[in-house]
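Written below as C-alpha cells is the structure these notes are about.
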Amino acid sequence: MVYIDIKHLTKDYKKGRGVFDISLEIEKGEVYGFVGVNGAGKTTTIRHMMGFIKPDEGSVTIQGLDATKSSAEVKRYVSYIPGEINFPGNTSGEEFLKEQIYLSGRGSWGRAKELSEQLQLDVTANVHSMSKGMKQKTAIVSALASDADILIMDEPTTGLDPLMRDVFIDLLKEEKEKGKTIFMSSHIFQEVEEVCDRVAVIQEGKIIEVVNMKNIRYNKNKEYRMEFKTEEDFKRFIGLGYQISKVKAEDLQIFVQIHDEHINELIQTLKDFDLVYFKEIKVHFEDYITEVFKEEK
Ligand SMILES: Nc1ncnc2c1ncn2[C@@H]1O[C@H](COP(=O)(O)OP(=O)(O)OP(=O)(O)O)[C@@H](O)[C@H]1O
C-alpha cells in the first residue's frame, strides 16, 4: 500500500535549480532513504511533502491526502524533523517537548523522557543555549515521542556524534518494527545502508536511481581478491578464463567476479595454487552509488 505518493513533482527555481519530474512511491512500513549531495534537491522535495511549498507541477499525496491542499490534516499523521532547527519561544527542552505533545495531541512525556535518556539529552537546558547536536536530539525526541504513523526527516543525524548516530539508528529500527513509515534524507551512505529498505538517489533535481537495498545486501554476484605466492601460479590462473576485474601484477594479486553458484568450483580450482590469501570484497552502498554517479557524468 502506497502511503506517500510523489508524482511528477517539479519546482523550477531557474538556472537548473530545483526539482524536476520527481516520482516516488513509499509503501506503508517502509524505511525510505533519500540521498544526494548538497543542493541536489532533498530539502525542496521534503518541503513539498510537508506542504510548505506549492509545486509548479505534479503532486505529493500522503495517505490519499494532497500534501499542499490538506496540509493541516496531513500533519496529524506526520512527524517532521526539519533540516534547520529553530525553536520558537524561550523555554527549556522539557517545556518545549511537553508543549509539542500537548499541541499535537499525540505521544506522552514518559516516552519523551525515555528517548531523552537514550540520546543523553539534558532536557533542563534552554533550547536557545543548546548546541547543534542537542537541538537535533530535541527535534528527534519530539518527532519520535509523538508516535505519528509517518516520520519525515531532513538529514536527522546532522550534528550527532557517531555513538549517538548509532543510538538513533537503533531507535529507527524500533520504529520500523512498530510499522512506522519513515522517509529520511541523508548524505551519509553508511546510515542509509544500515536502516533503509529502499533508497532514492537525487542529482541536480532529478532521481537517477532507486536502489532496493536487498540487492546490495544479498547480491549473489561477488568479487574476490587473491594473492599468489609465485608469478608462475599468478600467470597460470590468468590463463584459466575466469572473469577478472582487476590485476595488480606487482603484488601478484587478481580480482575475480563470480556468481555464488560457481564459487565452489573456484575454490576447487584454487586448491591447486599456492595462495597468500583469498577473500571476498564486500560491496557497500557507497561503492555502488559512486559507480552510479560516475555513469551519470
Ligand atoms: N527558495 C529558493 N529559491 C531559489 N533557489 C532555491 C530555493 N530553495 C532551494 N533552491 C535551490 O534549489 C537547489 C536544491 O536545494 P535543496 O535545499 O533542496 O538541496 P538539498 O539537496 O537539500 O541540499 P543540502 O544537502 O545542502 O541541504 C539548490 O540549488 C538551491 O540553491
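Every read-out reported here was derived from the displayed coordinates using simple, explicitly stated rules and does not represent laboratory data. What you see is a predicted model; the values in this text were computed from it and never measured. Cβ atoms come from the backbone with ideal geometry, glycine included; neighbour counts cover every protein chain shown.
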| task | Please sort by residue number the trypsin sites (Lys or Arg not before Pro) in region 8-57 whose DSSP state is loop and whose Cβ has at most 16 other Cβ atoms within 10 Å. | result | LYS15, LYS28
| query | Under a Cβ-Cβ cut-off of 9 Å, what is the net charge of the residues other than SER185 that fall near it, where Lys and Arg count +1 and Asp and Glu count -1? | reply | -1
| field | Neighbour-limited loop hits for GluC sites (Glu not before Pro), region 9-91 (at most 11 other Cβ within 10 Å; DSSP other than H, G, I, E, B) | value | GLU84
| If you stretched the chain out fully between GLU280 and GLU232, how much longer would it get, using 0.36 nm times the residue separation minus the C-alpha to C-alpha distance? | 15.0 nm
| request: Starting from the Cα gyration tensor of region 28-131, take the square roots of the eigenvalues, sort them a ≥ b ≥ c, and report rounded, prolate or oblate (rounded when a/c is under 1.5, otherwise prolate if a/b is larger than b/c, else oblate). | output: prolate
| task | Evaluate the relative contact order of the chain (contact order divided by residue number), counting alpha-carbon pairs under 8 angstrom at least 6 apart; express in whole percent. | result | 19 percent
| Whole-Hz Karplus ³J(HN,Hα) for region 33-39, in order, using 6.51 cos²θ - 1.76 cosθ + 1.60 and θ = phi - 60°, x for Gly and Pro? | x, 9, 10, x, 6, 4, x
| Please identify the trypsin sites (Lys or Arg not before Pro) of region 202-248 that satisfy two criteria: DSSP loop assignment and at most 16 other Cβ atoms within 10 Å. Which are they? | LYS220, LYS229
| remark: From the cross-link list LYS206/LYS246; LYS135/LYS206; LYS11/LYS206; LYS214/LYS246, the entries with a Cα-Cα span beyond 23 Å are LYS206/LYS246; LYS135/LYS206; LYS214/LYS246
| Modelled label-to-label distance, HIS128 and VAL2, 7 Å Cα→beta-carbon offset: nm? | 4.6 nm
| field | region 46-84 versus region 117-179: alpha-carbon centroid distance in Å | value | 21 Å
| Plugging the Kirkwood radius over Cα pairs into Stokes-Einstein for region 219-282, at a temperature of 37 °C and a viscosity of 0.692 mPa s, what D comes out in µm²/s? | 280 µm²/s
| field | 16 Å Cα-Cα reach of LYS14 towards aspartates and glutamates, excluding residues that sit fewer than 8 places from it in its own chain | value | ASP56, GLU57, GLU204
| Per the Kirkwood formula on distinct C-alpha pairs, the Rh of the chain is how many angstrom? | 21.7 Å
| task | Note the angle between two axes, namely the Cα long axis of helix 109-118 and the longest principal axis of the Cα atoms of the chain, as a number of degrees from 0 to 90, rounded to the nearest 10. | result | 40 degrees
| said: If I take R0 = 35 Å and measure r between the Cβ atoms of ALA72 and ASN219 in this structure, what FRET efficiency does the formula 1/(1 + (r/R0)^6) give, to the nearest 0.05? | reply: 0.20
| message | Under 16 Å between alpha carbons, and skipping anything fewer than 8 positions from LYS271 in its own chain: which lysines qualify? | response | LYS229, LYS235, LYS279
| request: For region 101-171, restrict the atom set to alpha-carbon positions and state the Rg and Dmax in Å. | output: 11.6, 33
| task | Along Cα→Cβ, 7 Å out, is where each label goes; now give me the distance between the ones at ARG111 and LYS294 in nm to one decimal. | result | 4.5 nm
| request: Compute the signed sum of charges (Lys and Arg +1, Asp and Glu -1) over the other residues within less than 12 Å, Cβ to Cβ, of ILE169. | output: -4
| request: Measure nothing fancy, just the Cα-based angle from helix 132-145's long axis to the longest principal axis of the chain, in degrees from 0 to 90, nearest 10. | output: 80 degrees
| request: Please check the chain for the longest run free of chymotrypsin sites (Phe, Trp or Tyr not before Pro) that are loop-located per DSSP (anything but H, G, I, E, B) and have at most 15 other Cβ atoms within 10 Å. | output: 78-217
